[in-house]
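Presented below is the structure to which this report refers.
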Amino acid sequence: MTRNILVTGGTGLVGKAIESVALEKASQDDNFLFLSSKHCDLTKLEETRRVFEEFRPTHVIHLAAMVGGLFHNMNNNLDFLRKNMQINDNVLLLCHEFNVKKVVSCLSTCIFPDKTSYPIDETMVHNGPPHDSNYGYSYAKRLIDITNRAYHEQFGHIFTSVIPCNVFGPHDNFTPGVSHVIPGMIHRLYETIRSADIPEAEKVFTVFGSGRPLRQFIYSLDLARLFLWTLDNYDSVDPLVLSVDETDEVSIKEVAEAIASAFEFKGKIEFDTTKADGQFKKTASNKKLRSLVPDFQFTPFHEAIRTSVTWYKENYENARK
């Protein structure tokens, strides 16, 4: 059976990774459309409807969202709430109207309650308020899960969602003030290295915050493979955490050191403790994922960092920054 697979947010970090994996593994019966915000404003229902009418998707991977790093979220919670609710409602409504067979939407571990026990898992999404720094984005994403369940109860649709931990890799957004922690640090350190005013041994790589918070990071190509597995094999409306193992959690300080090592940086790392740390930890359990795909091999963190740094240096002129 020919599948028309629409990927919203298809030119972003995860969309480009899915495109790379799809080129390697997709069936010849799969037609993909990797949709860009340049071609359709998903906050506008009629523009979104036009895409559905032209492509007639049978399956949808819904990645599109207004996203940003800690400080961008802190300053724009209303925008993150409204725009993401508009995007999600339009996409899922049209998936219903066009009788799309399967939808896999992308959530995030940052949507979990701020005050909780660890590790967090799929049953705990709605157990309390999210962290104050990104409540707009978090509540909009939580509503995807609610909407999925409502469509399933009322119409029997298989609309589901996955919850990745922090994602990084080639084609990330390296824009200062908008980027997430890893691309933000990669960009900042490379600009420091490129500056010619002082010898590298005297240069300082400034990391925002104390460096103590803990995070799990998943390489975008690994996440892409798991997205396609979910599309093919996971038929529950309950969310599925897509995360590396708990033992792979690292501190922001360790992330900074890994990036400095990948650049072979000879200067000094300093931590700007006047900047907010955000949530200290949000350790996620991938027990459910491991029960379904027990042999999945994640790319080692330091190897994925080196690959990401190499990609950024080679694509510096065209990278989003």
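The values are calculated or read from the model by the stated rules, or taken from the named source; none is laboratory data. Nothing here was measured: the structure is a model prediction, and the numbers come from that model. Virtual Cβ from ideal backbone geometry, glycine too; neighbours counted across all protein chains shown. Please note that ligands, DNA and RNA were not included when accessible areas were found on the heavy atoms of the full protein model with its side chains. Shrake-Rupley method; radii C 1.70, N 1.55, O 1.52, S 1.80 Å.
The table for this structure:
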quantity: Residues of the stretch 67-103 satisfying the condition of being of a type in the set (Val, Ile, Thr) and open to solvent by 50 Å² or more (accessible area, probe 1.4 Å); calculated: Val67
quantity: The stretch 114-135: number of residues that are at pLDDT below 95 and part of a helix (DSSP H, G or I); calculated: 4
quantity: Some residue of the stretch 207-229 being of a type in the set (Phe, Trp, Tyr), outside any loop (DSSP other than H, G, I, E, B) and open to solvent by 40 Å² or more (accessible area, probe 1.4 Å); calculated: yes
quantity: Residue match in the stretch 15-34 (condition: surrounded by 19 or more Cβ atoms within 10 Å (Cβ to Cβ), of a type outside the set (D, E, K, R) and within 24 Å of Phe155 (Cβ to Cβ)); calculated: no
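Listed here are the residues, each with its yes/no results for (1) open to solvent by less than 10 Å² (accessible area, probe 1.4 Å); (2) in a helix (DSSP H, G or I).
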position: Tyr139; (1), (2): no, yes
position: Ile144; (1), (2): yes, yes
position: His157; (1), (2): no, no
position: Thr192; (1), (2): no, yes
